[in-house]
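Undergrad: Below are the structure tokens for one structure; questions will follow.
Where a number appears in this text, it was derived from the coordinates with a stated rule and is not lab data. These numbers were taken from a predicted model, which means no experiment stands behind them. For neighbour counting, all protein chains shown are included, and Cβ atoms are generated from backbone atoms with ideal geometry for every residue, glycine included.
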Amino acid sequence: AGNIKSLITKDRFAFTMRLWIAFFMAFFTLYFLLSWIPKISEGTGLTPAQGSYAGAVFNLGSFFGIVCLGYISTWFGLKRMIFIFLILSAVLMVIFGVFRFGLVMYMTVLFVLGFFVQGGFVGLYSVAARLYPVEIRTTGVGWGIGLGRFGAILAPTLGGIAIGMQLPVALVFIVFALPFIIAAFAETGIKSTNID
């Protein structure tokens, strides 16, 4: 079994740091969305029941995004598709926050957002698994996920503060879209012969 030192050797340090940044940033915005979509939806005029439904629609899109990323990446490359998914996630977050839609279009945008967010996010697990040799793979994936969890803890709290301050929804979503862009560029910059 490996330890953290085996992840930050001279030849692994750069891609390990990029992986950790990508995980942290992706966890950060994903858990903001999972925590606050129902409440934000109610704030836009939806009923509490519709707000809960909005969260379910987001998760439904997530399921299809995860499945499709695996299929599409066999054709176009995993790193490239994760990059595209994360960038589109950021774009869709800005659209979702800035524009107002009718109920059907609102749910459609949420479905597509879930598709790209979770597809790109789960793809990072595959990247992590491919980066490290078998003897330290569990350590590499575990540290990436573990550090990412700090983002998962921090984001809902910061999101709650922002919403409690009654900041414009558009501003909140623009700010929380930025970590996806950072994650996308961190991930695509990983250099390893083990991953395309």
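Undergrad: At a 10 angstrom cut-off on C-beta neighbours, averaged per residue, how do the peptides 23-33, 46-56 rank from highest to lowest?
TA: The peptides rank, most packed first, as 23-33, 46-56.
Undergrad: Here is a further query. Just the number, please: Stokes-Einstein D of the stretch 88-189 in µm²/s, Kirkwood Rh from C-alpha pairs, 20 °C, 1.002 mPa s.
TA: Translational D for this selection: 140 µm²/s.
Undergrad: Moving to a separate point now. What does the helix-only formula give at 222 nm for the chain: each DSSP H stretch with n ≥ 4 adding -39500 (n - 2.57), the total divided by the residues, and the result rounded to the nearest 500 deg cm²/dmol?
TA: Result for the chain, helices only: -29500 deg cm²/dmol.
Undergrad: Sticking with this structure for a sec: How large, in Å, is the stretch 1-131 by the Kirkwood hydrodynamic radius built from its alpha-carbon pairs?
TA: That comes to 15.8 Å for the stretch 1-131.
Undergrad: Tell me the label-point distance for the pair L158, N59, using the 7 Å Cα-to-Cβ offset, in nm and rounded to one decimal.
TA: The two pseudo-label positions are separated by 2.5 nm.
Undergrad: Oh, and also: For the stretch 64-100 and the stretch 124-196, what is the centre-to-centre distance using only Cα atoms, to the nearest Å?
TA: 14 Å
Undergrad: Reachable lysines from K10, Cα under 30 Å, same-chain residues fewer than 8 places away excluded?
TA: Of all the lysines, those that pass the test against K10 - Cα under 30 Å, at least 8 places apart if same chain - are K79, K191.
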